[in-house]
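Report on one structure; see the data block that follows.
The values are calculated or read from the model by the stated rules, or taken from the named source; none is laboratory data. Keep in mind that this is a model prediction, so the values were computed, not measured. Quick reminder, even Gly has a Cβ in these numbers, built from the backbone with ideal geometry, and neighbours come from all protein chains shown. For the accessible areas, the whole protein counts, side chains as well, though only heavy atoms, and no ligand, DNA or RNA atoms are used. Shrake-Rupley method; radii C 1.70, N 1.55, O 1.52, S 1.80 Å.
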Amino acid sequence: MAGAGMAPADPRVLALAVQVTESREQDIPLLLLELKEILNSAFLGCEESRKIKQDIYSYDLTRYCMLVLRQDHSRLRGGWATAAQLAEILSHCCVGLEVKEDPEEFYTKFLPSAIDNLLFLGRRLQARFIRAIKDKEKQDFLRWFRLVTDAICWLFGGHIQLAACVLQNDHFLQLLVTDDVETAIIMMSVLHSVLKVNGSVLLQVDEKTLHSVLDELVYRLSSTTNPVIGSAATKLLLLVAKFCKQLVKLLTARYKGLKGLLSKQWTGKGFDKELSELLDLLQLEQPNGKGKMQKQHQAACIIQAMWRGFQTRKRLRKLPQAVTTLQRSFRAKREQELQHLKKQKEDEDLKLQMQLQRQRAMRLFHERQLALLEIIHASQVNKYMEEMEEKSALTIQRFWRGYSARRKFHQQRQSLKEYKAAVVIQRAASKFLEKRRSRRPVSPWKDPKGLTDEQRLGLQQKVDDYIRLHPASQMSEEMSKELHTQAQEKLAQFLLRNRLDQRAVQRREALLAQVNTDVELLMNAPGLSETTEKDLDVFMSRSVPVATKARQSHNAMLKYNSWPWWKKLGDEFVEDDAIPDDALNAELETLFIGGRKSS
């Protein structure tokens, strides 16, 4: 990502990164081939070339190339030819690249992963070359295999520290240990390039790896008569012996018959100069007086080998069914290995898809962030970054709470099952009891079962005796009429007293209203020096205060009706004809204004 004060990114790289991010997975390998044209547009080693490689790495296009190498290209467009070209592009992108941001991640993680993926691709191409039947198909796979091995050599040639990583990789050792002559020669040339680039690499690797490489070279010399293989193995051993005297001692001590094997089997094969130099170096480390012992040791090894072969052939002749058993076990083991390889391949494809999706998501996120940073004003960048940090924290918290809840749910699953089982049992029991209650007879008035006529007569006799002993009180018609007359008289007296009491109450209220009016008039009356004829008319006549009070009451009612709705929230349940207390008091005070008329 180009920041402030830095040169802008190459538009071709930026456009390709956007196109790769938005494309489908099966279209990505063909799109990445455009990097070759972009890399070839600048001279190797110039500043422009370094800038292009930096942009390609910054936009994760090199990581896409590395991940694509793990895919099964027999199912993708372009096939294995595209994979070989991507391997070449990946090596050219990494050589000459100067990573300024987080260089440790590039040198300790990215480059070793790139070597591992390139070697893994080489193994796949080697396997398909061996299985190929048609000549054209074999030539194509061999050409692509050479492209991949050249890319590996170019990569560790630009980064010398990767030489040890190549030798210690399991894929490299498996590529080297092969029965195919052509691919074996190519891998021996790769090993020769590794030793040329970094001669001390054999001292840097572990002892097991060193012994595996030397064992393979010596095995090549002893198991084949091909002069090309012999020449390559001899030159490699000579290179090893020239580099360090310690390795020469290891060759003479570990491989007792190596000198005799070289002198007898490979003399006069076309590389006598290198062979004589290697024999001279081995002779210098050979102790004096041990030639006879070496011959005896070699003879003993031959006798033991012949005896073991004789015993094996004899045992196989006696056990003919062993072949069938071996074939069955071999087929079963091979089927198991194929299933394991298939599952491993599916897991790798799934992992690769997840990595590609993660890379695509990160690419989209960075692009959106860059677009927003370009839009946002410089003064608002800190605020935007704080908001993004807060959102990120909330997202992390949300995922963590979800994970905690799911973990607690899994822990409480057994108790939840027991609880659900108890609920199911309770529900079933409730339904059973409800059905049982619904089946009971609902009518309680049925005749008792088994009641005879004699029992009915006995019960009737008991009822008659009880009525005779407890007679009901009876009232005559005259007593009823007299009681009704008394009730009517008492009701009339009560109503009369009630009417008199109501009149007395009304009179008291009228007098009280009159007193209140007089008091208010006196309180509001002006002084004697300010009194006018109009004020005298107020005290002389009762109509003026009555009209004044009526006007005040009317104004109070109008004001109440003109109030907004929110002032009447407390009066929702008051009837429409209800009057506020103040207005009601005003009406009551003016309604009963009275008194004696002045004579």
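Some values worked out for this structure:
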item: Single residue of L217, L221, L262 found to be closer than 22 Å to L173 by Cα, part of a helix (DSSP H, G or I) and touching a residue at least 40 places away in the same chain (Cβ under 8 Å); result: L221
item: Lone qualifier among Y384, Y403 - being free of Cβ contacts under 8 Å to residues at least 60 places away in the same chain and open to solvent by 60 Å² or more (accessible area, probe 1.4 Å); result: Y403
item: Candidate set: region 7-25, residues that are over 21 Å from H73 (Cα atoms) and without any contact (Cβ under 8 Å) to a residue 40 or more places away in the chain; chosen: the one least open to solvent (accessible area, probe 1.4 Å); result: A15
item: Qualifying residues in region 51-72 (those that are surrounded by 15 or more Cβ atoms within 10 Å (Cβ to Cβ) and charged (D, E, K, R)) - the one farthest from the chain's Cα centre (by Cα); result: K51
item: Cβ-Cβ under 8 Å pairs, at least 6 apart or on other chains, region 172-195 side outside any helix (DSSP H, G or I), far side open to solvent by less than 10 Å² (accessible area, probe 1.4 Å); result: T178/A184; T178/M187; D180/F129
item: Those residues of region 59-72 which are among the hydroxyl-bearing types (S, T, Y) and either assigned to a helix (DSSP H, G or I) or in contact with a Cys (Cβ under 8 Å, 6 or more places away or on another chain) (or both), in sequence order; result: T62, Y64
item: Residue within region 441-456 that is more than 30 Å from R63 (Cα to Cα), surrounded by 10 or more Cβ atoms within 10 Å (Cβ to Cβ) and modelled with pLDDT of 80 or more present; result: yes
item: Condition check for L173: open to solvent by less than 50 Å² (accessible area, probe 1.4 Å) and over 23 Å from R128 (Cα atoms); result: no
item: Test: A127 is open to solvent by 20 Å² or more (accessible area, probe 1.4 Å), without any contact (Cβ under 8 Å) to a residue 40 or more places away in the chain and of a type in the set (G, A, S); result: yes
item: Check on K549, basic (K, R), surrounded by 13 or more Cβ atoms within 10 Å (Cβ to Cβ) and either touching a helix residue (DSSP H, G or I) at 6+ places or on another chain (Cβ under 7 Å) or at pLDDT 50 or above (or both); result: yes
item: Options R363, R358: the member that is at negative phi, open to solvent by less than 100 Å² (accessible area, probe 1.4 Å) and of a type in the set (K, R); result: R363
item: When residues of region 493-525 are limited to those that are in contact (Cβ under 8 Å) with a residue 40 or more places away in the chain and among the polar types (S, T, N, Q), the one nearest to A547 (Cα to Cα); result: T517
item: Subset of region 73-111 [outside any helix (DSSP H, G or I), within 15 Å of P29 (Cβ to Cβ), open to solvent by 10 Å² or more (accessible area, probe 1.4 Å) and not hydrophobic (A, V, I, L, M, F, W, C)]; result: S74, R75, R77, G78
item: Leading residue by the ranking (nearest to M187 (Cα to Cα)) among those in region 240-266 that are open to solvent by 80 Å² or more (accessible area, probe 1.4 Å) and more than 55 Å from the chain's Cα centre (by Cα); result: K242
item: Condition met for L237 (open to solvent by less than 20 Å² (accessible area, probe 1.4 Å) and modelled with pLDDT of 80 or more); result: yes
item: Filter result (open to solvent by less than 100 Å² (accessible area, probe 1.4 Å) and modelled with pLDDT of 85 or more) within region 315-338; result: S329, A332, E335, E337, L338
item: Residues of region 84-106 that turn out to be in contact (Cβ under 8 Å) with a residue 60 or more places away in the chain and more than 15 Å from C65 (Cα to Cα), as a count; result: 1
item: Pairs with Cβ under 8 Å, 6+ apart, first in region 556-575 and modelled with pLDDT of 75 or more, second open to solvent by less than 100 Å² (accessible area, probe 1.4 Å) and part of a helix (DSSP H, G or I); result: A556/A583; A556/A586; M557/A583; Y560/A583
